[in-house]
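Peer 1: After the structure tokens below, expect a handful of questions from me.
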Amino acid sequence: MRVRCDQMAEDMDHLFHRTQGNLRVFLDRAVPPERADGSSLVFAADEAMLHMALAAGAGAIVLPRKLEPLIPGDSTAAFLVAKHLKVAMALILQRCFDDSRAKFPQDPPIDPRAFVSPEAVIGAGARIAAGAFVGPRAVIGAGAMIGPGCVIEEDARVGAGTILHALVFVGRRCEVGERCEIHPNTTLGSDGYAYAQDERGHHHKVPQLGIVVIEDDVEIQSNCAIDRAAFDTTRIGRGSKLDNLCHIAHNCQVGQHVLLTGGFFMAGSSSVGDHCVTGGRATLTDHVSVCAGVQLGGLSAVTKSVTEPGAYSGYPLQPMKQFLRTTSTLAHLPEMRKRLAELEKKVLELERVRT
């Protein structure tokens, strides 16, 4: 993709404190500073990265305000001083250099090797790749991208501008909002794990009649499984982001703008409030709730509801400061045990002397 720096700066001026230098340069790509050349855009987070980008002859450099005094007056590069460097990087890359849609079919927009039911509704500008299946009465929104081998079952809905990468499954009647991105091998709307045991110890499946709703602007990485509810809705709130290998069980509710990192597991009928963040492999047991504004450390296990915002970790779960004290104590347990044994021995000797 090719963009002129001054046009980019004008279109996204809300991201920058100020700009200077040769803003008329054309930029073909964004690269690390050590790989820069005259048509490259570089994001320099610190002084070392800035000097590296300058030495390599980068065409344009986006940098934080703390580095503004280091901008050389004789450089031929363009400089864009960001209000928030990471936000600027995310939005610039999305708008100017993201080529994730280029792999989808362009002409014809629906690959002849895809199966699309005559009863399905396909919005303007939608793209459907080879091997995809779109079932009866399914709705694909305008500009949506359906990758190879995806399955969109009957009565399911995929919102406008959403991207489903290869081999995504969207179950019957489930809904994916607008501007979502679902990565390969993720399943939305698998059956919840529910069985009734009879007096002989045999297990009988409880049919899952509900749906999954993925609200707008959600991103779900690869190999995630989100189970449909028993009767109502399993929901992922607007703007939430799920890392690889997450499992959300039936009837669960995930709030808005939540970050769930790799290996997060959530058992049935539990909930996570808005703006929560979890570390890798954190786990919630069934029928518990975590209030808004909670951070869970990696490998945490939540077995009771969390009602106060803040940082927690461990199993059993503790406030983060208490958890860190507990963890630091563990390393001293062998020595403490040894000293305790020595004290017990001395006490026994004193008791023998007294008697």
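Peer 1: Could you go through segment 10-32 and let me know if any residue there is out of contact with any Pro (no Cβ under 9 Å at 6 or more places or on another chain), modelled with pLDDT under 95 and either outside any loop (DSSP other than H, G, I, E, B) or not assigned by TED's automatic domain parsing to the domain that holds L164 (or both).
Peer 2: No: segment 10-32 contains no residue that is out of contact with any Pro (no Cβ under 9 Å at 6 or more places or on another chain), modelled with pLDDT under 95 and either outside any loop (DSSP other than H, G, I, E, B) or not assigned by TED's automatic domain parsing to the domain that holds L164 (or both).
Peer 1: Residue under question is T234, and the condition is that it be under 23 Å from G123 (Cβ atoms), hydroxyl-bearing (S, T, Y), crowded, with 22+ Cβ neighbours inside 10 Å and free of Cβ contacts under 8 Å to residues at least 60 places away in the same chain; does it hold?
Peer 2: Answer is no for this residue.
Peer 1: Oh, and also: Just checking, which of P109, P136 is at pLDDT 95 or above and either assigned by TED's automatic domain parsing to the domain that holds V212 or closer than 15 Å to E175 by Cβ (or both)?
Peer 2: Selected residue: P136, the only one of P109, P136 that is at pLDDT 95 or above and either assigned by TED's automatic domain parsing to the domain that holds V212 or closer than 15 Å to E175 by Cβ (or both).
Peer 1: Among the residues of segment 191-222, write down those that are assigned to a strand (DSSP E or B), over 20 Å from the mean Cα position of the chain (by Cα) and either under 24 Å from S240 (Cβ atoms) or of a type in the set (S, T, N, Q) (or both).
Peer 2: Of everything in segment 191-222, those that are assigned to a strand (DSSP E or B), over 20 Å from the mean Cα position of the chain (by Cα) and either under 24 Å from S240 (Cβ atoms) or of a type in the set (S, T, N, Q) (or both) turn out to be Q197, I211.
Peer 1: A follow-up question, please. Which ones in segment 175-186 are crowded, with 21+ Cβ neighbours inside 10 Å and part of a strand (DSSP E or B)?
Peer 2: Listed by number, the residues that qualify are V176, I182.
Peer 1: Now, a different point. Being touching a Gly at 6+ places or on another chain (Cβ under 9 Å) and within 18 Å of Q208 (Cβ to Cβ) is the filter here; which residues of segment 255-270 pass it?
Peer 2: G268
Peer 1: Here is a further query. Please go through segment 241-266 and give me each residue that is among the hydrophobic types (A, V, I, L, M, F, W, C), in a loop (DSSP other than H, G, I, E, B) and crowded, with 20+ Cβ neighbours inside 10 Å, ordered by number.
Peer 2: Listed by number, the residues that qualify are C246, A249, C252, V258, F264.
Peer 1: Among the candidates R238, R172, which residue alone is more than 21 Å from G273 (Cα to Cα) and assigned to a loop (DSSP other than H, G, I, E, B)?
Peer 2: The unique qualifying residue is R172.
Peer 1: Starting from segment 126-150, take each residue that is charged (D, E, K, R) and list its partners that are in a strand (DSSP E or B), counting only C-beta distances under 7 angstrom and pairs at least six apart or across chains.
Peer 2: From residues that are charged (D, E, K, R), the pairs are R127/M145; R127/I146.
Peer 1: Which of (1) more than 18 Å from the chain's Cα centre (by Cα); (2) assigned to a loop (DSSP other than H, G, I, E, B); (3) within 30 Å of A194 (Cβ to Cβ) is the odd one out, the single condition Y312 does not satisfy?
Peer 2: Evaluating Y312 over (1) more than 18 Å from the chain's Cα centre (by Cα); (2) assigned to a loop (DSSP other than H, G, I, E, B); (3) within 30 Å of A194 (Cβ to Cβ) leaves (2) as the failure.
Peer 1: Looking at (1) in a helix (DSSP H, G or I); (2) surrounded by 13 or more Cβ atoms within 10 Å (Cβ to Cβ), can you tell me which one E335 breaks?
Peer 2: All conditions pass for E335, except number (2).
Peer 1: Among A114, A126, A77, which is closer than 15 Å to R157 by Cβ, modelled with pLDDT of 95 or more and surrounded by 13 or more Cβ atoms within 10 Å (Cβ to Cβ)?
Peer 2: A126
Results for (1) touching a helix residue (DSSP H, G or I) at 6+ places or on another chain (Cβ under 9 Å); (2) of a type in the set (G, A, S); (3) surrounded by fewer than 21 Cβ atoms within 10 Å (Cβ to Cβ), shown as yes or no for each residue.
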| residue | (1), (2), (3) |
| --- | --- |
| D107 | no, no, yes |
| I110 | no, no, yes |
| G147 | no, yes, no |
| I163 | no, no, no |
| L188 | no, no, no |
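Peer 1: Has segment 48-67 got at least one residue that is assigned to a loop (DSSP other than H, G, I, E, B), on the phi > 0 side of the Ramachandran plot and either modelled with pLDDT of 95 or more or exposed (fewer than 13 other Cβ atoms within 10 Å of the Cβ) (or both)?
Peer 2: Kept after step one, since they are assigned to a loop (DSSP other than H, G, I, E, B), are these residues of segment 48-67: 57-59.
Next, from what is left, pick out any that are on the phi > 0 side of the Ramachandran plot: 57.
Narrowing the set further to residues that are either modelled with pLDDT of 95 or more or exposed (fewer than 13 other Cβ atoms within 10 Å of the Cβ) (or both) leaves 57.
Yes: one or more hits.
The values are calculated or read from the model by the stated rules, or taken from the named source; none is laboratory data. If you're wondering where the values come from, they're calculated on a predicted model, not measured in any experiment. Neighbour counts run over all protein chains shown; Cβ positions are idealised from the backbone, glycine included.
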